[in-house]
Amino acid sequence: MNTPDNSDQVEFWSAAAGRKWAARQAELDILMQPVLDGVLARAELTPKLRVLDIGCGAGAGCLAAANAVGDEGAVLGVDVSAPLLDLARQRAAALPQVAFHHGDATELELEPAYDRLISRFGVMFFADPVLSFTRMAAQLSPGARLSFAAWGQIPENPFFTLPARAARATIGAMPKSDPDAPGPFAFRDPERVVSILAAAGFTDIACKVTQLNLTPAGTVDDLARQMCDIGPASGAITHFDANPDQVAELRQTIADALRPYAQNGPLRLPAEINFVTATKP
């Protein structure tokens, strides 16, 4: 039997999606800062530790981890997206303790072993998650701690549902997809996450379902433009080859739907995040 591979995700993040996310790195880092804060707080980073950041993207987690472990520690960021890693390398150029690896985390063979594994939304895309976590565990030292964030239940995350509804109303309904397939919501079920990690050999597994606010820096119009560039609305624009008038209508529909989240001050978007921790025996 053939082992499932992650080639679809490699292709997706290496092409236009990776370039779009890289172009919006600064605003996405601000938007997702509460999520990264939650991952790092649970990772219990201290000086001299060796940290593995899976799905590191443009490097926000690597930079924060480098600050925590100091000059005598080490941080390795792993991602399949060349555009995002190019940007990550630029941002970490002055930090000798930070390095990057372009490749699939399922295929890592590292020496020496790492003391921590962290990830902000980087581990939900594996075709065979048990296999991938088993192989990532092999890169960790005994007693190493894992800390990652994944999106929770779909209805609790308007970052996705709001632009998806707006796209259906203005452009058309996208073909239905399997939320359990590799993608942002593959780890929305805590019981599934726990079973995957247990099968991969981890212990002391916990999944804390947490309600928090994402923190976009700009206006509702700024976030609407972002949502038309990445995520479900962007997918609909591409799928239906939407014309400029349709895109403008979609952007306005999204902005109007976002306004209630900015009535009492800065724009804040509620989210449900699964913060997961575990230990390698």
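The values are calculated or read from the model by the stated rules, or taken from the named source; none is laboratory data. Note that this is a predicted model, so its numbers are computed, not measured. With ideal geometry, Cβ positions are generated from the backbone for all residues, glycine too; neighbour counts draw on all protein chains shown. Just so you know, the surface numbers come from the protein's heavy atoms only, side chains and all, with ligands and any DNA or RNA stripped out. Shrake-Rupley method; radii C 1.70, N 1.55, O 1.52, S 1.80 Å.
Scan the range 138-146 and give yes if some residue there is touching a helix residue (DSSP H, G or I) at 6+ places or on another chain (Cβ under 7 Å), closer than 22 Å to A82 by Cβ and either outside any strand (DSSP E or B) or of a type outside the set (A, V, I, L, M) (or both), otherwise no. Within the range 138-146 (the criterion being touching a helix residue (DSSP H, G or I) at 6+ places or on another chain (Cβ under 7 Å), closer than 22 Å to A82 by Cβ and either outside any strand (DSSP E or B) or of a type outside the set (A, V, I, L, M) (or both)), the answer is no, since none of the residues qualifies.
Only one of the numbered conditions (1) touching a strand residue (DSSP E or B) at 6+ places or on another chain (Cβ under 8 Å); (2) farther than 24 Å from D229 by Cβ; (3) in a loop (DSSP other than H, G, I, E, B) is violated by M124, and that is (2).
Count of the range 64-73 residues, restricted to those that are touching a helix residue (DSSP H, G or I) at 6+ places or on another chain (Cβ under 9 Å) and part of a loop (DSSP other than H, G, I, E, B), is 1. For the subset of the range 219-247 comprising residues that are acidic (D, E) and assigned to a loop (DSSP other than H, G, I, E, B), which member is least open to solvent (accessible area, probe 1.4 Å)? Out of the qualifying residues, it is D229. State the number of residues belonging to the range 262-274 that are under 24 Å from F185 (Cβ atoms) and either open to solvent by less than 10 Å² (accessible area, probe 1.4 Å) or without any contact (Cβ under 8 Å) to a residue 60 or more places away in the chain (or both). Number satisfying all stated conditions: 6.
Can you find even one residue in the range 167-190 that is modelled with pLDDT of 95 or more, farther than 26 Å from G61 by Cα and among the charged types (D, E, K, R)? Among the residues of the range 167-190, at least one is modelled with pLDDT of 95 or more, farther than 26 Å from G61 by Cα and among the charged types (D, E, K, R), which makes the answer yes. The set of residues from the range 74-114 being under 21 Å from T279 (Cβ atoms), touching a helix residue (DSSP H, G or I) at 6+ places or on another chain (Cβ under 9 Å) and either β-branched (V, I, T) or open to solvent by 30 Å² or more (accessible area, probe 1.4 Å) (or both) comprises V75, V78, T106.
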